[in-house]
There are 2 protein chains.
Amino acid sequence: MSTDQARPLRADAARNRARLLDAAEEVFTARGTGVRTEEVAKAAGVGVGTLFRHFPTKEALLQAVLVRRMERLGQEAERLRGELGPGEAFLAFFALVVDASPSKNEFADALAAAGVDVREATQEAGKVVLQAVAELLADAQRAGRVRPDLGVPEVTALMVGASRALEHLDPQDGPARRRAVEVVLAGLGAG
Amino acid sequence: MSTDQARPLRADAARNRARLLDAAEEVFTARGTGVRTEEVAKAAGVGVGTLFRHFPTKEALLQAVLVRRMERLGQEAERLRGELGPGEAFLAFFALVVDASPSKNEFADALAAAGVDVREATQEAGKVVLQAVAELLADAQRAGRVRPDLGVPEVTALMVGASRALEHLDPQDGPARRRAVEVVLAGLGAG
DNA sequence: CTAGAATCGGACTGGCGACTCCGGTTACGA
DNA sequence: TCGTAACCGGAGTCGCCAGTCCGATTCTAG
């Protein structure tokens, strides 16, 4: 219902759209969601008019970036599930999320602050990720690597929480960061 | 160096200042840090002029509220340390922070987004809390209730992380929330 | 190669909200 | 009780930034 492309979009338009998405992700990640839309347009080598034609609202742009991230995350999860054993796949995914989240959190916050129901906005992509997490978690629990009483909501919440925790630690202090993550993993029962 | 009161502030001024602080805490907590300063003034039964005389900036107001919270938290920690045994005091404090944080997080985020170095801004009050956490943690570790390799930074980060995790869980779903916190506590070695 | 439809760019607008200003009010020392 | 220094209130100012508009500039079908 959202990405209908009745006509396949002119070549330059498609290119600009992609550039905008990339630039937005980069700029917002590096300097926060507060930066002017003009800056994003400039980073994409495009005028603001073009930006707003593709994304009617700053919020819509944020949302698009967030959705794309989640889609990528879902794909990663599937990949890991195929490549690694049940315990390892879960751990690897956890680590992936914890590393990738610091900025995603900000996006979600900004959208929530703008009065957007993030759940609903990312529903489509969210389903995929949740599905992947559910599979990863079930595998790990079946293999006895994770407490059996935990559900997907708690686990995802803990992933976000862990990534948030790391935001408060010195980026240079690797050992401390490792210890913090370790605490959560230990608590999950994944020694 | 900040709360110098050369002259002791006229009675009405002091009262208004206190009301503003209370109103700000209430309003910002209930409706987010995005609400207009005018609303805060109204809630305090005061004009915006008065608000800005006491706090030259919205940001300064936010900061003042945050500092006051941290001071209270520090006092709570001391109290708990006096009243409970080493393990229990630590757990109780952890629970306290996790419950009290959801809004404090927002404050801190807002300040950070405004380009304020939160560390520096809350330094005075922060020291007290950190000191208290350090004592609580040392007690708990001495009593064998917490992994001995953890430092204050990791523990505080995990407290914040845990509170953030709860933000992503259904407020109605008590059991899930409890399980999530339990995971972190178990990981700390305080099962 | 050409028409003309689709897209581009960036100056401009409109609204919002933090902060100022000053005439009126109030607390408090003598 | 009175004078005055300190404080109050809220209408108005000012800067900022999301979003619009339209002449200029491509793309692509034929």
Residue A:21: hydrophobic (A, V, I, L, M, F, W, C), touching a residue at least 40 places away in the same chain (Cβ under 8 Å), touching a Lys or Arg at 6+ places or on another chain (Cβ under 9 Å) and not assigned by TED's automatic domain parsing to the domain that holds residue A:180, yes or no? yes
Given segment A:109-191, what helices (runs of 4 or more DSSP H) lie entirely inside it while holding 3 or more residues that are away from chain B (no Cβ under 12 Å)? A:123-142
Quickly run through segment B:7-53 and pick out the residues that are of a type in the set (A, V, I, L, M, F, W, C) and more than 21 Å from residue B:114 (Cβ to Cβ). B:9, B:11, B:13, B:14, B:18, B:43, B:44, B:46
Please find, among A:95, A:89, A:30, A:14, the residue that is part of a helix (DSSP H, G or I), farther than 20 Å from residue A:124 by Cα and within 14 Å of DNA strand C (Cβ to nearest atom). A:14
Can you work out which of the residues in segment A:54-63 that are within 7 Å of DNA strand D (Cβ to nearest atom) and not in a loop (DSSP other than H, G, I, E, B) is nearest to residue A:116 (Cα to Cα)? A:59
Given the criterion more than 10 Å from DNA strand C (Cβ to nearest atom) and in a loop (DSSP other than H, G, I, E, B), identify the matching residue among A:46, A:35. A:35
Can you say whether residue B:72 is buried (at least 16 other Cβ atoms within 10 Å of the Cβ) and out of contact with any Lys or Arg (no Cβ under 7 Å at 6 or more places or on another chain), as far as the supplied structure shows? no
May I ask you to list the residues in segment A:26-57 that are surrounded by fewer than 18 Cβ atoms within 10 Å (Cβ to Cβ) and closer than 14 Å to residue A:106 by Cβ? A:26, A:29, A:30, A:31, A:32, A:34, A:35
Scan segment B:125-143 and give yes if some residue there is surrounded by fewer than 19 Cβ atoms within 10 Å (Cβ to Cβ), of a type in the set (D, E, K, R) and at pLDDT below 90, otherwise no. yes
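The values are calculated or read from the model by the stated rules, or taken from the named source; none is laboratory data. Note that the structure is predicted; figures quoted are calculated from it, not measured. Note: ideal-geometry Cβ built from the backbone for every residue, glycine included; neighbour counts use all protein chains shown.
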